[in-house]
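> Take this structure, written in structure tokens, and hold onto it; I'll ask about it next.
The values are calculated or read from the model by the stated rules, or taken from the named source; none is laboratory data. Remember, it's a predicted structure, so these values are computed and weren't measured experimentally. Because the Cβ atoms are built from the backbone with ideal geometry, glycine has one as well, and the counts that use them run over all protein chains shown.
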Amino acid sequence: MTTTGTLGAEPFTLAPAEELLAPCPKFRLLVLGNIESTKIEIFSSVLGIELDKSDVAAVFRSTHEINKEIDLGNANPRLSLHTSANFGSGDKEAYKAAVDFLEARQQSSNVADRVHCIWYCVSCDDDRTIHGLEAEFFRQLPSVAPATPAILVFTKYEELIASVRQEWYRDEQKRGVSKVAASHILRDLTAHEFQKRIGRRWDAILGDEHVPKLCVATDDDSSGHAGMERLAAGTLAELKGKNERLVFAAAQRSSPAISTKVCANLAADYFDVNTGHARKRSGVEVGEILHDFFAKSIQIFNFKDPHKVLSDPRLLSRILESVFDAAELGFLTGRGSFDSSGQALIDSLTPHDRACMLTQALAGVTLFFHKLAESQWLHRDPVPQLTAHIVERELSGIRSGKERKAVFETIENSSIFTQCHLISQVSDLILKAVGQGEKLGVPDNAFVIEDDSELQEISLSFVNDHPGPDDVVLPNGMRILALN
């Protein structure tokens, strides 16, 4: 149902939730790689699809038909996946097929038919020269498919990490460094060694072309999953169109933060800041907004839900019951929501309080889906299927946990309901309320040290007054000698 109201003098329409992804219902990804460089963990950890080694071997052979989508069954209804061998072996037929495929897709007037992104996979342990066809591909890409971003994905990064760690720990003195300090040093050393061995070769052929380089490890630990999250975040950052960004947020199953941020942006659309403060848009009821947002959030998070657990008609009410006390809940639900004069309780609130309560409700729904995604996606391979037990566990956790109080206090103490000029301030508040504002605001390369003693410990061991040309300069100004 389409609901029409007014926003100032302009008509405002709340479109049906099912139309959210209609312009581009699937994210079309082209992966160029080979058996050595394209690890199955990329597909399972980032996209939530299961491919075994024989599948990978088949789809990256030179005989594989690039135009044929990989059959994913019902594993991820928001993804269209195409694959082909990369050009490191000098396969001219594979090169021509890929260029022809990209050109044909680029000419389509339907955004859903185009290739939305390219992952070009290279193994970190593949000590080879870059083939001329690879250089030619990246030179030609801006003219062949100017709207299609490409990302160089360097796999098997864990093997480079292990090599650097082994070399570094040969020095007996360095074994006394604390784990916190060592982890940061090794991270920067590995990044430097990658650039020296591999990265600068690719920089030389890319020239001024903008092609991000992302390294991913496939360890079964937090560092491995962090690399997969960076690949998802890096892909999103390269997408310029709104429809492509929305559908990628739905297609990826690696980063709850990505889906949460997109949902927070959608939630902000229900507010008007034209009067200088955040207010609920007029002409649309709070209940309609909550049902619309709930339906859109389910699409963006795109859970594996074969048992239709999220189709429970009472789930939205159960979420609100977990977030609000009984007295507050009466303002949002149909039970006791009218006063003695017949006026809806939510309408009896001041515009300030009404906007505040709506923001709390939207943040509560966002918090539920975020926690559900964390329980499903993070460090889980394969991604598990949803069950009613898992949903109830997360609802109970919100009901009895600290997040609920944090959501209310963060929003109640916000100044956007008295002074607000940017709609992004509303989405930022929701992210902050669900505990994601700080995380999403910290750069991936932020250097964090626990205390000053850690800095002294690093300084005493590694500062050198006679730096060499290949030394590493850490973000705190310290210099680490390059590995020989």
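> For segment 261-284, give me the residue count where each residue is outside any helix (DSSP H, G or I) and either under 30 Å from residue 230 (Cβ atoms) or not polar (S, T, N, Q) (or both). Let's see the steps before the verdict.
Going residue by residue through segment 261-284, those that are outside any helix (DSSP H, G or I) are 269-284.
Subsequent filtering for residues that are either under 30 Å from residue 230 (Cβ atoms) or not polar (S, T, N, Q) (or both) retains 269-273, 276-281, 283-284.
Qualifying residue count, segment 261-284: 13.
> Going by the structure shown, is residue 280 in the same structural domain as residue 365 (by TED's automatic domain parsing) and at pLDDT 95 or above?
Taking the combined requirement at face value, the residue does not satisfy it.
> Go through (1) modelled with pLDDT under 90; (2) in contact with a helix residue (DSSP H, G or I) (Cβ under 7 Å, 6 or more places away or on another chain) one by one and return the number of the condition residue 205 breaks.
(1)
> To continue, here is another question. Taking segment 128-162 on its own, how many of its residues are aromatic (Phe, Trp, Tyr) and either within 13 Å of residue 99 (Cβ to Cβ) or out of contact with any strand residue (DSSP E or B) (no Cβ under 8 Å at 6 or more places or on another chain) (or both)?
Final tally of qualifying residues: 2.
> Hey, can you tell me all the residues within segment 415-438 that are within 16 Å of residue 364 (Cα to Cα) and in a loop (DSSP other than H, G, I, E, B)?
434, 435, 436 - these are the residues of segment 415-438 that are within 16 Å of residue 364 (Cα to Cα) and in a loop (DSSP other than H, G, I, E, B).
> Determine the pairs where a residue that is among the aromatic types (Phe, Trp, Tyr), located within segment 313-326, has a partner that is not in a helix (DSSP H, G or I) with Cβ atoms under 7 Å apart, the partner being 6 or more residues away or on another chain.
If the second residue must be not in a helix (DSSP H, G or I), the pairs left are 324/332.
> Among the numbered criteria (1) modelled with pLDDT of 90 or more; (2) of a type outside the set (A, V, I, L, M, F, W, C); (3) outside any helix (DSSP H, G or I), which single criterion is violated by residue 128?
So the condition that residue 128 fails would be (1).
> Which condition does residue 108 not pass, out of (1) of a type in the set (Gly, Ala, Ser); (2) touching a residue at least 40 places away in the same chain (Cβ under 8 Å); (3) touching a Lys or Arg at 6+ places or on another chain (Cβ under 6 Å), if it passes all the others?
(2)
> Which residues, taken from segment 260-284, are buried (at least 24 other Cβ atoms within 10 Å of the Cβ) and of a type in the set (S, T, N, Q)?
260
> Answer yes or no: is there a residue in segment 77-90 that is of a type in the set (Val, Ile, Thr), modelled with pLDDT of 90 or more and either surrounded by fewer than 22 Cβ atoms within 10 Å (Cβ to Cβ) or out of contact with any helix residue (DSSP H, G or I) (no Cβ under 8 Å at 6 or more places or on another chain) (or both).
no
> Looking only at segment 329-359, filter to residues that are surrounded by 16 or more Cβ atoms within 10 Å (Cβ to Cβ) and not aliphatic (A, V, I, L, M); which one of those is modelled with the lowest pLDDT?
The qualifying residue modelled with the lowest pLDDT is 337.
> Sticking with this one: Does residue 287 fit the bill of being assigned to a helix (DSSP H, G or I) and surrounded by fewer than 18 Cβ atoms within 10 Å (Cβ to Cβ)?
yes
> Has segment 406-419 got at least one residue that is at pLDDT 90 or above and closer than 21 Å to residue 309 by Cβ?
No: segment 406-419 contains no residue that is at pLDDT 90 or above and closer than 21 Å to residue 309 by Cβ.
> Can you find a residue that is out of contact with any Pro (no Cβ under 8 Å at 6 or more places or on another chain), charged (D, E, K, R) and not in a loop (DSSP other than H, G, I, E, B) anywhere in segment 250-260?
no
> Can I ask one more? Please identify the pairs in which a residue from segment 224-239 that is closer than 16 Å to residue 250 by Cα and not assigned by TED's automatic domain parsing to the domain that holds residue 214 has its Cβ atom under 6 Å from the Cβ atom of a residue that is assigned to a helix (DSSP H, G or I) and at pLDDT below 85, counting only partners at least 6 apart or on another chain.
Listed by first residue and then by second, the contacts come to nothing, as the list is empty.
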